[in-house]
Structure formats: structure tokens, C-alpha cells
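The values are calculated or read from the model by the stated rules, or taken from the named source; none is laboratory data. No experiment lies behind these values; they were computed from the predicted model shown. Every residue, glycine as well, gets a Cβ built from its backbone with ideal geometry; the counts of neighbours run over all protein chains shown.
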Amino acid sequence: MQDKHLYEYAVIRVVPSVEREEFLNVGVILYCKQQKFLQAVYTLDEERLRAFSPHIEASTIKPYLDAFVEISKGSKAGGPIAQLDIAGRFRWLTATRSSIIQTSKVHPGFCSSNAENTLLRLHQQLVL
């Protein structure tokens, strides 16, 4: 039997009007301590965004979503937050905030030895 690894994930959402609490799922961030894995992936469907909220431009949203990816990678392009340890980056990215980009509550699960496959599966199920 393969080892199962505990992971945590959150859905990345675009929330055009925070007061209305409506959102569009656009990505997933997954953290697995045992595999030293933290990665975010997103797909911004511009047509769907326009239908959902015509006053928001995709070009406004993309840099913020790219920041999620860069911070999760720990790259210099992610700024000072990207220099935190892997758990610190995940906790910072999934912290509750009132902004146009938010994450869901953090959910746990178990995956095999390939957390990236789990991330892509969750992205397919929850976003696409």
C-alpha cells in the first residue's frame, strides 16, 4: 500500500463585490508538508469573468493571481513574503482577507506521493 501524505488546500476566488459575497473559483493552492510541496495554479476564464462581473478587467486580476503562483514557488518575483518558509507562505496566502482575491477555508486531504497530481485534479474539479 502506498504511503498517504496529508495535504491542505484552498480554492482561490475572485470576489468582485465583497459585500455581496459572490465569487468565481479561479485556482487552487495546495500544501503538503511531507513532500515539501507548495504550489498554486489558476485559470482565469475572461469570458466567464465578464459575464460574472462586467466592470472588472482580467488584466487587473492577473497580476494578483500571478503573485499567488510566485509566492508559492518562493521566487524572488514574489517579494518578501515569498522568502518565508513554505508553511509561512501557505498560511499567508490562505489568510482571511477582504479583497477582490480571496481563498476558501483550508481543507485537508490525503494524497499519494505526487502532490502535483492532486493539485491538478482539484483544479480540474473545482475550477474548470
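Numbers at a glance
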quantity	calculated
Of all residues in segment 40-66 being among the small types (Gly, Ala, Ser) and assigned to a helix (DSSP H, G or I), the one that is surrounded by the most Cβ atoms within 10 Å (Cβ to Cβ)	ALA58
Checklist (1) surrounded by 13 or more Cβ atoms within 10 Å (Cβ to Cβ); (2) of a type in the set (D, E, K, R); (3) not in a helix (DSSP H, G or I) applied to LYS105, failing item	(1)
Pick from segment 13-55, criterion basic (Lys, Arg) and either touching a residue at least 12 places away in the same chain (Cβ under 8 Å) or in contact with a Pro (Cβ under 9 Å, 6 or more places away or on another chain) (or both), ranking: farthest from ARG91 (Cα to Cα)	ARG48
Test for LEU84: is it aliphatic (A, V, I, L, M), within 13 Å of the chain's Cα centre (by Cα), surrounded by 12 or more Cβ atoms within 10 Å (Cβ to Cβ) and within 30 Å of ASP3 (Cβ to Cβ)	no
Near pairs, Cβ below 6 angstrom, 6+ apart or cross-chain, from segment 75-99 (polar (S, T, N, Q)) to any residue that is surrounded by 13 or more Cβ atoms within 10 Å (Cβ to Cβ)	SER75/ALA82; THR94/ALA10; THR94/THR103; THR94/VAL106; SER98/VAL18
Qualifying residue in segment 80-93 (condition: outside any helix (DSSP H, G or I), out of contact with any strand residue (DSSP E or B) (no Cβ under 9 Å at 6 or more places or on another chain) and either among the β-branched types (Val, Ile, Thr) or modelled with pLDDT under 95 (or both))	no
Members of segment 20-39 that are surrounded by fewer than 14 Cβ atoms within 10 Å (Cβ to Cβ) and either assigned to a strand (DSSP E or B) or modelled with pLDDT of 95 or more (or both)	GLN34, LYS36
